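First the structure, in the form of structure tokens, and then the observations on it.
The values are calculated or read from the model by the stated rules, or taken from the named source; none is laboratory data. Computed from a predicted structure; not experimentally measured. FYI the Cβ positions are ideal-geometry reconstructions off the backbone, even for glycines, and counts take in every protein chain you see.
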Amino acid sequence: MSDVQKSKGADKKSLPLFFNISFKVIFIIVLISSVLLYFTFTFEEVPPILNRGIQPATFPKALLILIISLSLIVYYLSIKVPWNIEKKLPNSFYITLASFIIFSVVSVTLDFFLGISVLSVLVSFFWGERRIFYLFLVAIIFPIIVFIFFETILGLRFPGGIITNLYYN
Amino acid sequence: MENLSLMLAPLLSSKLMIVLIFGTLFGLILGVLPGLGPTTGGALILPFTMTLDPLSAIVLLTAIYCAGTYGGAITAVLINTPGTPAAAATCLDGYPLAQKGEAGRALGMATVSSTIGGIFSVVVLVFFAPLLAQLAYEFGQPEYFALAIFGLTMLASIGEGSPIKNLIAGAFGILISTIGKDFMTSIDRFTFGINELSEGIGFIPVVVGLFAISEMLTQSTLLDQIFKRVALKAVKLPSISDYKKTWITILRSSGIGSFIGVLPAEGGTVASLIGYSEAKRWSKNPEEFGKGSVEGIAGAEAANNAATGGAMVPTLALGIPGSATTAVILTGLIIHGVRPGPDLFREQPDFLYGIFGSMLIANVLFFIFGFFGAKIFARITLVPNKLLWPMIFAVSVCGTYSLSQSMLDVWIMLFFGIIGFFMRRYGFSVVPVIIGLILGELVEGTLRQSLVIFEGNWLEFLTRPIAVSFFILSFIALIFPLLRKKN
């Protein structure tokens with residue numbers, strides 16, 4: 001659940017506008033929504049005879065304007081009742097996030113299951129597991145079980161790679 | 001009588017019984033493990049249901065739903081951490097009672113009240129779903145549009161957290177559904193030149209990302225958390241005096257849970273909180289709440305399990321999910337070529353009553369497994385996160401990839417995992433995103449078709465009494481939180 005609790009006067013005194021967490025969050029939402037709103041103006045339009053009801057861009061436009069408007073209301077309310085400053089994210093979070101990126105790179109360039117193994121061993125290790133057998137279990141044995149399970153039950157063919165191709169060949 | 005025999009049909013089918021037993025056990029395991037739950041579990045097992053016939057697939061998903069909702073209570077009582085969000089209120093009295101050395105009594109009360117709540121809600125489902133389906137025959141496109149809007153506003157209003165943030169999340173979910181080719185004109189929207197996006201974004205990558213991957217990131221921030229597990233000898237059936245104390249609470253909460261479940265909101269989570277607070281309000285001993293009151297456990301547990309049957313009512317009768325897990329079940333129905341709605345009741349009563357019967361049996365099964373096996377399930381909580389979450393990641397990635405055998409789905413899952421983590425961190429619930437995503441096509445499609453019928457005149461909506469009623473209810477739902485705040 002969210003660890004952002006609202007409480008009166010929590011970050012009222014010390015933080016200037018741009019470091020205020022609600023400002024940063026709402027700014028990002030509004031910025032992304034505005035960029036997407038811009039893109040809706042690049043959508044093709046259909047001629048009136050084919051236009052059934054509304055143009056294809058109208059509905060997403062309306063949604064984005066709604067999101068921007070509601071975000072501004074949330075920001076206005078956060079001035080009255082500021083959000084608490086949440087705890088700083090620990091290193092383990094960034095390591096987990098980095099392991100997602102490593103998984104993505106390895107699974108695309110080398111092998112899908114190698115990517116899973118690398119992520120598993122990284123996450124497990126940096127979350128505190130030091131026993132070799134358990135690292136071997138999550139990095140090697142479990143992915144093999146998952147592979148066989150999906151392969152045999154669903155007849156699934158996974159993307160090729162240096163290890164997967166050994167099996168398929 | 002005929003319907004009753006259709007309901008009991010799963011008992012006579014060994015295949016369905018195996019599916020039910022597996023689904024119940026799997027649901028219990030998912031419920032017991034904090035951070036997982038029936039929504040994530042249902043989404044992960046969805047690819048495997050492709051190997052089953054439609055009835056077995058939906059029976060499996062509903063068994064996971066019922067048992068998973070109950071399973072959260074075991075963790076709530078023994079380690080003071082809700083296995084599922086729906087069990088949050090159970091912690092308030094379950095854990096204090098367990099600390100007094102009465103873990104068995106606490107789990108016994110949770111098991112009995114969950115089973116009664118679940119069975120009560122199936123009865124509600126059996127009676128109300130056909131009635132609602134009958135009513136839905138009167139619905140045209142404008143009525144369905146108004147109903148979907150009502151569903152989203154209710155979700156914002158009574159869901160967890162800030163209503164405005166819930167509305168933003170719901171609108172975001174609908175926005176995701178607009179990605180891909182416009183279904184009426186075939187014009188690309190938000191595809192950014194990626195051909196694979198023309199088909200739109202799949203439901204499963206988003207669900208797995210928002211629930212499983214974002215939870216993995218959340219768990220990465222909680223590594224220093226230490227759980228103290230209370231020892232459990234055996235689950236005890238409630239005593240006569242416990243029954244005398246709680247039977248009204250169980251019935252009240254069953255009614256509340258079934259009603260909340262029918263409304264498109266966060267199902268069991270909201271139901272259990274309301275069930276708990278109502279139990280406290282009507283109790284002769286409100287001062288015992290928070291210190292190990294059996295009424296508190298009964299109030300929360302009967303309500304969250306009663307929400308399971310309630311949430312299936314709009315899912316089956318209207319194709320509008322009552323909770324995040326029923327959104328997964330709805331996806332399961334669609335994948336298997338079953339179209340929920342009034343026609344389903346007329347054309348496939350055996351299928352429907354098979355689901356009703358299975359839910360009934362699942363409630364009995366989790367009672368048996370919970371009563372005799374809670375001690376074993378409790379041991380599952382001992383699996384350390386450092387081993388559990390890499391394994392869940394492996395299954396999530398393979399499960400997501402398997403549906404359309406596309407790596408794009410895996411990237412989408414990771415993307416929504418990160419989005420989901422930050423949403424939760426800053427107080428945005430992810431459930432409205434899921435409901436918005438699944439209702440998005442319905443909202444846009446019915447709006448555009450209504451405007452075709454009305455020849456572009458929006459005011460024509462006011463000539464449809466049912467649609468107007470839903471709009472008024474939506475308006476009330478929106479201003480309700482403001483009034484509640486003022487009071």
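A few points about this structure:
- Tally, over the range A:118-132, of residues that are in a helix (DSSP H, G or I) and within 9 Å of chain B (Cβ to nearest Cβ): 8
- Residue check, B:LEU125 in contact (Cβ under 8 Å) with a residue 60 or more places away in the chain, crowded, with 24+ Cβ neighbours inside 10 Å, within 25 Å of the chain's Cα centre (by Cα) and part of a helix (DSSP H, G or I): yes
- Applying the condition of being in contact (Cβ under 8 Å) with a residue 12 or more places away in the chain and within 10 Å of another protein chain (Cβ to nearest Cβ) to the range B:399-412 and asking which residue is surrounded by the fewest Cβ atoms within 10 Å (Cβ to Cβ) yields B:SER406.
- Residue match in the range B:3-16 (condition: within 30 Å of B:LEU387 (Cβ to Cβ), assigned to a helix (DSSP H, G or I) and either out of contact with any Lys or Arg (no Cβ under 9 Å at 6 or more places or on another chain) or touching a residue at least 24 places away in the same chain (Cβ under 8 Å) (or both)): no
- When B:ALA378, B:ALA362, B:ALA374, B:ALA327 are screened for being of a type in the set (A, V, I, L, M) and under 30 Å from B:ALA156 (Cα atoms), only B:ALA327 passes.
- Residue check, A:PHE158 within 9 Å of another protein chain (Cβ to nearest Cβ) and in a helix (DSSP H, G or I): no
- Number of positions in the range B:209-245 that are farther than 23 Å from A:LYS87 by Cβ and modelled with pLDDT of 90 or more: 1
- Subset of the range B:323-344 [more than 15 Å from B:THR49 (Cα to Cα) and touching a Pro at 6+ places or on another chain (Cβ under 7 Å)]: B:THR325, B:ALA327
- Positions within the range A:16-46 being in a loop (DSSP other than H, G, I, E, B) and either at pLDDT 80 or above or surrounded by 15 or more Cβ atoms within 10 Å (Cβ to Cβ) (or both), in sequence order: A:ASN20, A:PHE41, A:THR42, A:PHE43, A:GLU44, A:GLU45, A:VAL46
- Exactly one residue among B:ILE472, B:ILE479, B:ILE418 is assigned to a helix (DSSP H, G or I), facing chain A (nearest Cβ under 8 Å) and surrounded by fewer than 18 Cβ atoms within 10 Å (Cβ to Cβ), and that residue is B:ILE418.
- In the condition set (1) aromatic (Phe, Trp, Tyr); (2) crowded, with 20+ Cβ neighbours inside 10 Å; (3) free of Cβ contacts under 8 Å to residues at least 60 places away in the same chain, B:PHE190 is compliant with all but (2).
- Among the residues of the range A:133-153, those that are touching a Cys at 6+ places or on another chain (Cβ under 9 Å) and facing another protein chain (nearest Cβ under 7 Å) comprise A:PRO143, A:VAL146, A:PHE150.
- One residue stands out among those in the range B:314-333 that are of a type in the set (S, T, N, Q) and farther than 13 Å from B:GLY151 by Cα: the one that is surrounded by the most Cβ atoms within 10 Å (Cβ to Cβ), which is B:THR325.
- Positions within the range B:161-187 being in contact (Cβ under 8 Å) with a residue 24 or more places away in the chain and more than 8 Å from chain A (Cβ to nearest Cβ), in sequence order: B:PRO163, B:ASN166, B:ALA169, B:GLY170, B:GLY173, B:ILE176, B:SER177, B:PHE183
- Within the range B:383-398, the residues that satisfy the criterion of being part of a helix (DSSP H, G or I) and more than 8 Å from every other protein chain (Cβ to nearest Cβ) are B:LEU388, B:ILE392, B:SER396.
- Picking from residues in the range B:188-221 that are hydrophobic (A, V, I, L, M, F, W, C), within 14 Å of B:ARG424 (Cα to Cα) and within 11 Å of chain A (Cβ to nearest Cβ), the one that is farthest from the chain's Cα centre (by Cα) is B:LEU217.
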